[in-house]
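Novice: Let me give you the structure first, and then I'll get to my questions.
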Amino acid sequence: MPNKHSIDKTVMDGVAVVHSLAKGEGKWVLLVTILGSGMAFIDSTAMNVVLPVLQLELNATIPQMQWIVEAYAIFMSSLMLLGGALGDKFGRKRMFALGVAIFSLASIWCGVAPNTGHLIVARAFQGVGGALLVPGSLAIVNISFSEKERGRAIGTWSAFTAMTTALGPILGGWLAENISWRLVFFINIPLSIVVLAALFFKIPETKKNNGEGKLDLAGSLFATLSLGFIVYALIESGNSGFGHPKVIVPFVGGGLSLIAFLVHESRTPSPMMPLSLFRSKTFSGANIVSALFWAAWVGGIFFVPFNLIQVQGYSAAGVGIAFIPLVLALFLFSRWAGGLVGNYGARLPIFVGTFLAGVGCLLFTLPDIGGSYWTTFFPAIVTLGVGMAITISPLTTAVMGSVRIEHSGIASAINNTVGRIAGLLSIAILGVFALSTFNNNLDRELAVMDLKPDTIQAIDSQRIKLAAIDIPEDLPSGTKIELRRVISESFLGTFRTMMEISAALLFAGSIISWLTIGRLRPG
């Protein structure tokens with residue numbers, strides 16, 4: 001337990017930081033934290049648009065593409081709690097800088113990766129860097145502003161990081177279409193230089209309890225093993241089936257590791273994830289909503305570029321342009337939504353925002369193949385963007401405002417971990433479900449076609465590619481056109497199901513937010 005002196009020292013450090021920010025350094029805090037965390041967020045969403053292009057260039061399968069996304073998410077999610085704890089103990093500025101350095105070096109590796117194997121490993125190292133910089137980013141913001149200014153500062157951070165998240169598909173699409181998908185990673189280098197320079201000269205250092213306390217390395221190990229085993233099992237089930245030992249054994253290992261993690265955290269004197277924080281109804285409820293929100297966003301949006309590029313005929317750059325209204329919505333409404341918390345509390349904007357985002361996902365289910373962008377995908381993207389903008393800032397403020405200031409690092413780490421885990425599990429689970437749904441749809445369509453056995457075999461061997469299945473060149477033109485229609489319709493039905501699931505998750509989050517999130521009283 002921290003003694004009174006260490007608590008007073010933490011408070012005095014926070015007061016000193018706030019006093020220095022009153023002299024004009026607040027803008028530097030926001031600049032550094034937004035750019036730093038923005039690198040991690042851009043790379044996570046840019047990959048959604050890059051994947052269809054990368055699939056063709058590197059001849060990647062659906063499981064390989066999932067691992068390109070999941071390798072990053074696994075290490076980022078499983079190590080983020082440790083990253084928050086390291087920042088609280090050794091200094092949030094120091095760990096943030098280390099995360100930026102690791103992330104930028106791994107980005108260079110991603111950019112020069114000759115094959116999917118190299119890219120997957122490099123993405124894992126990116127995740128390690130992200131696990132250090134993301135929780136440190138929000139913790140620095142939270143401790144650097146007074147209670148009066150904190151809500152708007154977090155709103156600003158949330159607004160711009162949400163914008164960088166949404167800019168990912170635009171930037172990734174333009175680069176993949178006009179230059180190379182590899183530049184998505186190289187742009188992190190100049191950004192990291194700016195961040196490190198500003199961080200070194202302008203941002204003061206802060207620690208929790210003057211750096212006292214032990215690190216929970218065992219807890220980090222259990223969390224990493226649990227997440228890694230479960231995600232591996234979910235992805236492998238798409239190839240081997242749920243009854244295969246390659247799936248059953250990791251599932252069991254993941255479950256046992258999760259139990260060991262929870263037991264360990266409840267008993268250790270210095271837990272990586274203090275379970276006492278969850279006694280706050282607002283903290284628990286906001287994290288549940290975060291899990292549902294990011295599961296819907298990451299899992300659902302993963303399939304949108306495949307629909308637009310492989311079914312609707314958009315270019316990679318066109319997909320990026322299609323998401324511009326979402327970025328504009330985030331820009332126009334996010335900071336305003338952060339200010340709503342002071343007047344109305346966090347519950348109402350979160351309730352409204354998640355509901356609107358759910359409606360946006362349902363609107364994605366309406367378009368058929370073809371049609372004008374303005375009458376097909378534009379309404380869905382705008383509605384989803386407005387819903388996200390109204391949700392993200394109040395949701396982040398609710399989480400950070402429900403704990404004491406000295407728990408900023410770990411609270412930020414928990415919330416980011418919850419969102420990241422939800423997103424990566426969503427991709428893994430929906431990926432398995434999408435493949436099964438696509439196969440069922442395709443079986444029904446092929447059953448009414450008069451195809452030769454060798455043609456059916458050629459199609460069956462590529463089912464894992466979903467809408468990117470290559471049609472045999474020796475078929476009559478009419479048969480090829482009909483087969484392409486069948487494959488596209490099968491994927492479109494799958495896509496609609498995925499978006500319906502995402503909408504259901506958001507509607508559930510809307511209800512839970514109304515029932516759990518109250519006034520912000522640090523506990």
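The values are calculated or read from the model by the stated rules, or taken from the named source; none is laboratory data. If you're wondering where the values come from, they're calculated on a predicted model, not measured in any experiment. Quick reminder, even Gly has a Cβ in these numbers, built from the backbone with ideal geometry, and neighbours come from all protein chains shown. Side chains are part of the model used for accessible areas, which takes the heavy atoms of the whole protein and leaves out ligands, DNA and RNA. Shrake-Rupley method; radii C 1.70, N 1.55, O 1.52, S 1.80 Å.
Novice: Give the calculated FRET efficiency between PHE378 and PHE200 to the nearest 0.05, with a Förster radius of 56 Å applied to their Cβ-Cβ distance.
Specialist: Values: r = 44 Å, r/R0 = 0.78.
It comes out at approximately 0.80.
Novice: Also: Any chance you could run the full-extension gain for ASP368 through ASN440? It's 0.36 nm times the residue separation minus the Cα-Cα distance, nm to one decimal. Each step should come with its number before you reach the end.
Specialist: Numbers: separation 72, 0.36 × 72 = 25.92 nm, distance 1.92 nm.
The ASP368-ASN440 span can extend by a further 24.0 nm.
Novice: Within the chain, what whole-number % of the accessible surface is contributed by carbon and sulfur, with the 1.4 Å probe and all protein chains included in the calculation?
Specialist: Values: 13870 of 20680 Å².
Whole-percent figure for carbon plus sulfur exposure: 67.
Novice: Of all trypsin sites (Lys or Arg not before Pro) in segment 380-479, which ones are in loop regions per DSSP and have a Cβ with at most 13 other Cβ atoms within 10 Å? Show your work: numbers first, answer last.
Specialist: Values: sites: ARG404, ARG420, ARG444, ARG463, LYS465; in loops: ARG404.
Answer in residue order: ARG404.
Novice: Could you tell me the calculated FRET efficiency between VAL249 and LEU515, based on Cβ-Cβ distance and R0 = 25 angstrom, to the nearest 0.05?
Specialist: Details: r = 38 Å, r/R0 = 1.53.
Efficiency at R0 = 25 Å is approximately 0.05.
Novice: Let me ask another. Counting helices only, and only those DSSP H runs with n ≥ 4, report the 222 nm mean residue ellipticity of the chain as the sum of -39,500 (n - 2.57) divided by its residues, in deg cm²/dmol to the nearest 500. Don't skip to the answer; put the middle values down first.
Specialist: Working: 19 runs with 407 residues, N = 523.
Helices in the chain give a 222 nm mean residue ellipticity of -27000 deg cm²/dmol.
Novice: With a 1.4 Å probe and every protein chain left in place, work out the accessible area per residue of the chain in Å², rounded to a whole number.
Specialist: Numbers: 20680 Å² over 523 residues.
Heavy-atom SASA per residue in the chain reads 40 Å².
Novice: From the mean inverse distance of alpha carbon pairs (Kirkwood) and the Cα radius of gyration, derive Rg over Rh for segment 392-523. It would help to have the intermediate numbers written out before the result.
Specialist: On the way: Rg = 22.8 Å, Rh = 18.4 Å.
Taking Rg over the Kirkwood Rh, I get 1.24.
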